[in-house]
Structures are given as C-alpha cells and as structure tokens.
Amino acid sequence: MNDFAGEIARAVAAGPVSRPVSMEALRRRLDRFDFDAPVDASDVLREIRSLFEDGLVQVTHPRYFGLFNPSVVPAAAGAAALVAAFNPQIAVWSHAPAAAEMERRVLRVLLAAVGWNPDASAAHATSGGAEANTTAVVCALAAAFPAWRDGGLRALPAQPALYVSEEAHHSFEKAALVTGLGRGAVRVVATDAAFRMRPDALAVRIAEDRRAGLVPFLVVATAGATASGAVDPVRELAAVAAREGAWLHADGAWGASWLLSTTRRHVLDGIGLADSVTWDAHKALSVPMGCGVFLTRRPDVPRRAFDVAGPYMPPPREGADDPFRTTMQWSRRAAAVPLFAAMASLGRAGVASMLDRMAALGDALRERLAASGFRTVNSTALPLVCVTHPAMEGERRHAGRVASIVQKRGRAWVSPVTLPGGVRAVRACITSFLTTEADLDVLAAELREAVEGGSSHE
C-alpha cells in the first residue's frame, strides 16, 4: 500500500497542479457508465484514476500553495484503504474495539499536546472542523443553559450570543443556523493590525449585548485563521470569557498542529485555557480528508449535550464511551486510524520535523517574495503568506487576476483573499511536506511573471 501511495504521489508531482476542465467533456466521458450493465472493476478503477489525474486540482502536489489540503503520508493512505476495506462501524466500542482503541491512543497524544490530562479530558474524531466547531456550539449551549436539552431555545431566558473575530471561520455561521440560534446570534468582534481578535473590543461588545438583553455564552478564539493565519491572543480572551461566564473554544483546525512542533509551539500560547479545541488532522498532519478532532477539558459536557439511548444498540462497555452517545454522529467511520498510522510511522520527532520544516519554508517564501518586490500584508509565524505588489494596485493586475493567471499556467496554485479592512492579496500556504525550496523558486517566478507579464496572460 505504501508503494501504491508513493507511486500516486510521484505521478501527481510530475504533472501540472491543475488543468483546464470542461464540464461538458467530463460529463461525456462519464456517459459510458449508465449502470445498466456491469463494467469490469479493474476498468472502473483505471478510469477513476484517469479522471482524478485529469479532473482535479492536485492538492497533494508540492507546488499546491492553496487551502489547507495536504499531501498524504503513505502509511496514512494505506490505513485509509484498510479502513475502507474492513469498514468498521465505530458507533459503539464493542463493534470496533481495535479501531476505537487506536483512536483513543492517538487522541490522547493530542490532548496532552494541548496541555490537558488525557485521563481528565475527552476527544473524538469528527468529519472536519465544521463538525467540531458545531460540536463546540452545542456543548457551550448545554453547559450554559441546563433547560436547553429538553426545552430547546424556547426554554432559554433570552437570545444567546456567541463571539467570533472578523477572521473566524464561517462554519460558526452555519452552526448558528443548524442549532436554531440564527445568524444574529453570531457577534463579530474587531481585529487588530495583525488580524487578531481584540480583547478590549470583545469586552465592549459583550457589555453592549448584555445591555440589549442578550446572553453571551461562547467566545471563539481563532488559532490559525484560514485567510491570514492569525492566532488570536487566547490567554487574554480566556480572561474575558472567564469573567463573563462564557465557554471558550479555540478553533485550531489548522494551527493547532503546531503544538507538536519544536519551533512554533509558542505561537499557540494559552490554548490549554480553552474549554474545547478544534484540531483537523487532515489539514497539517498530512492524513486523508475526513479526520477532524474535537477536544475538551470538560468531558461530562459532550455526554450531557448528545446522549441518547436506542433499544437496538448494544449495551455500553465499562471504561469506554460509545461514540454515538457523546458525538453528533451515529454511524461513524474510523477516521482517526489514518492519523494513528501517520503518527506511528513518523514518530513524534518525525511529526515535529515535518511541521518545523513547513514553517521554515514559510519564512523562506516570505524572503523570496520580498526580494521580488512583493509586500507581506499578514503577520503570522505559521507558513501562510499573504502578499501584494505595487503592480497589483490597478484593476488589470489585482489579486484575483494574478491568482487566476498562476492557476491557469498550472505550475503552481495560489488563491486570492480579502482580509479585514478590505486588504486584497494573493495567499500562499505551505501545505505539503514534499515541498522544497526549489518549489518556492517556481512559485516566486510564477508570481513575478503574473504581475509583470504582458497581455499574453489575459
């Protein structure tokens, strides 16, 4: 399985990061599969691979500098294939004890990295950061409003309010929708020059909302913003949340991985003061999509929030929580097994080295782009670089057009971004442990050509 994963990785690296894709041509190509007659499985798999080679942005490519979609450690890819083949159902411990114990073992490492005692805290795998963040909202509701579980929002004394920064992930808006809180419950707090939530602005916003009759119940600290990589001052926000009696959640979907780094762990200072943390292994720990994690130092709350009983479910095993009783999911994939495989195959030192190297490449990218006339507009020690250029100030070479030119050429992939205050920039993030300094040279050259090139790119 390692050989197969390695062969795929080599094939991806040898090709372009992206190709133009015609929706019509893709649909015509799939017309041969009408499902009326069977097609040999080997032919089906060969065609799927070919479709993936031709019809994807290759996020595992060493020169993909886009969103948080990493290359995959071969052992993790192999473990994902084993999970698919054995197809364990991890709703209850008794149905998949081996998978449940692998998950427990690796998640205890993450709990300890946050700074919590694994025996006095809890964690479970999620489908990703959106589910983990929604779990945080539900847990905060359960902790703040005992009547909510049976009476719902109508049983609450007033409109609950949750607080996020201008750079927070928009999954909290979705969480407000699906929990019935409504979008108005999401209160946006101003950021400072580094795009971090301002604790003073949070305190003022909460005071204003209390006077208006709202009930603050949740503060969200962003630990590695998607757009800018900003890390909110968690320690200061924790003081405000404690004073206000609010649950503090740290959304470290991307940034929390650097808790396992030797050179950047300090960036996450104070994260252990949070009541809960989101941590997506499938963002920076180089495992396949579908492996997020929710962690909490208040292990009684998830059960209070989610516990239901079903007469068709097996009895619980003493000493182990059945995940369907403490999480949003019921049927549940063994999503943390690939993380177990990655951590086991790399070891703690190997994981730290991978993260340290990615962070160092981020520093090197800033230097290369500065030498090419670009100006960095974000401030983070994590490997996410947002830049502008004097030539990008007009409409002919704005950030969106520059990113589009780079994408169409296919040698690298970056994205445009708009930061708080309307700052428009090109965003480049180190997402692959396969990226080298030579790949940074290619990206710098592609960006220079995109901002300085002639009309041939239009």
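The values are calculated or read from the model by the stated rules, or taken from the named source; none is laboratory data. None of the values given here were measured: they were computed from a predicted structure. Glycine gets a Cβ as well: all are built from the backbone with ideal geometry, and neighbour counts include every protein chain shown.
Structural remarks
- Qualifying positions in region 186-214 - over 12 Å from Glu244 (Cα atoms), touching a Phe, Trp or Tyr at 6+ places or on another chain (Cβ under 9 Å), free of Cβ contacts under 8 Å to residues at least 40 places away in the same chain and among the aliphatic types (A, V, I, L, M): Val186, Val188, Val189
- Test: residue in region 95-107 that is within 30 Å of Ser404 (Cβ to Cβ), touching a residue at least 12 places away in the same chain (Cβ under 8 Å) and not β-branched (Val, Ile, Thr): no
- All positions within region 400-416 that are among the β-branched types (Val, Ile, Thr) and out of contact with any Phe, Trp or Tyr (no Cβ under 9 Å at 6 or more places or on another chain): Val402, Ile405
- Region 292-350, subset in contact with a Lys or Arg (Cβ under 8 Å, 6 or more places away or on another chain) and free of Cβ contacts under 8 Å to residues at least 24 places away in the same chain, residue nearest to Leu273 (Cα to Cα): Arg303
- Residue, surrounded by the most Cβ atoms within 10 Å (Cβ to Cβ), within region 159-212, restricted to residues that are among the polar types (S, T, N, Q) and not in a helix (DSSP H, G or I): Ser165
- Yes/no for Leu51 being loosely packed, with under 14 Cβ neighbours inside 10 Å, in contact (Cβ under 8 Å) with a residue 24 or more places away in the chain and under 25 Å from Ala5 (Cβ atoms): yes
- Output for region 304-321, where each listed residue is part of a helix (DSSP H, G or I) and basic (Lys, Arg): Arg304
- Against the numbered list (1) on the phi > 0 side of the Ramachandran plot; (2) crowded, with 22+ Cβ neighbours inside 10 Å, Gly152 comes up short only at (2).
For (1) β-branched (Val, Ile, Thr); (2) in contact with a strand residue (DSSP E or B) (Cβ under 9 Å, 6 or more places away or on another chain), each residue gets a yes or a no:
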{"site": "Ala14", "(1), (2)": "no, no"}
{"site": "Pro20", "(1), (2)": "no, no"}
{"site": "Met23", "(1), (2)": "no, no"}
{"site": "Leu30", "(1), (2)": "no, no"}
{"site": "Asp34", "(1), (2)": "no, no"}
{"site": "Val39", "(1), (2)": "yes, no"}
{"site": "Val44", "(1), (2)": "yes, no"}
{"site": "Glu53", "(1), (2)": "no, no"}
{"site": "Val59", "(1), (2)": "yes, yes"}
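- Test: residue in region 322-338 that is in a helix (DSSP H, G or I) and modelled with pLDDT of 95 or more: yes
- Out of Ala81, Ala9, Ala85, one residue alone is of a type in the set (A, V, I, L, M, F, W, C), closer than 30 Å to Phe324 by Cβ and in contact (Cβ under 8 Å) with a residue 60 or more places away in the chain. It is Ala81.
- Test result for Arg424, more than 23 Å from the chain's Cα centre (by Cα) and among the basic types (Lys, Arg): no
- Leu361 touching a Leu at 6+ places or on another chain (Cβ under 7 Å), at pLDDT 95 or above and part of a helix (DSSP H, G or I): yes
- Ala76 in contact (Cβ under 8 Å) with a residue 24 or more places away in the chain and farther than 22 Å from Ser415 by Cβ: yes
- Selected residue (criterion: modelled with the lowest pLDDT) from residues of region 378-404 that are surrounded by fewer than 19 Cβ atoms within 10 Å (Cβ to Cβ) and among the aliphatic types (A, V, I, L, M): Ala391
- Helices (runs of 4 or more DSSP H) contained in region 35-150 and holding at least 1 residues farther than 30 Å from Asp441 by Cα, in contact with a Pro (Cβ under 7 Å, 6 or more places away or on another chain) and modelled with pLDDT of 95 or more: 74-86, 97-114, 129-144
- Only one of the numbered conditions (1) out of contact with any strand residue (DSSP E or B) (no Cβ under 7 Å at 6 or more places or on another chain); (2) closer than 28 Å to Thr262 by Cβ is violated by Arg397, and that is (2).
- Pairs with Cβ under 9 Å, 6+ apart, first in region 24-40 and within 19 Å of Phe52 (Cβ to Cβ) and free of Cβ contacts under 8 Å to residues at least 24 places away in the same chain, second surrounded by 10 or more Cβ atoms within 10 Å (Cβ to Cβ) and among the aliphatic types (A, V, I, L, M): Arg29/Leu51; Leu30/Leu51; Arg32/Val39; Phe33/Val39; Phe33/Val44
- Sub-7 Å Cβ pairs linking a first residue in region 116-136 that is in contact (Cβ under 8 Å) with a residue 12 or more places away in the chain and farther than 14 Å from Gly290 by Cα to a second residue that is acidic (Asp, Glu) and crowded, with 24+ Cβ neighbours inside 10 Å, at least 6 apart or interchain, are Asn133/Asp251, ordered by first then second residue.
Listed here are the residues, each with its yes/no results for (1) surrounded by 21 or more Cβ atoms within 10 Å (Cβ to Cβ); (2) acidic (Asp, Glu).
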position: Leu67; (1), (2): no, no
position: Pro70; (1), (2): yes, no
position: Pro74; (1), (2): yes, no
position: Gly78; (1), (2): no, no
position: Leu82; (1), (2): no, no
position: Ile90; (1), (2): yes, no
position: Ala96; (1), (2): yes, no
position: Glu101; (1), (2): no, yes
position: Leu107; (1), (2): yes, no
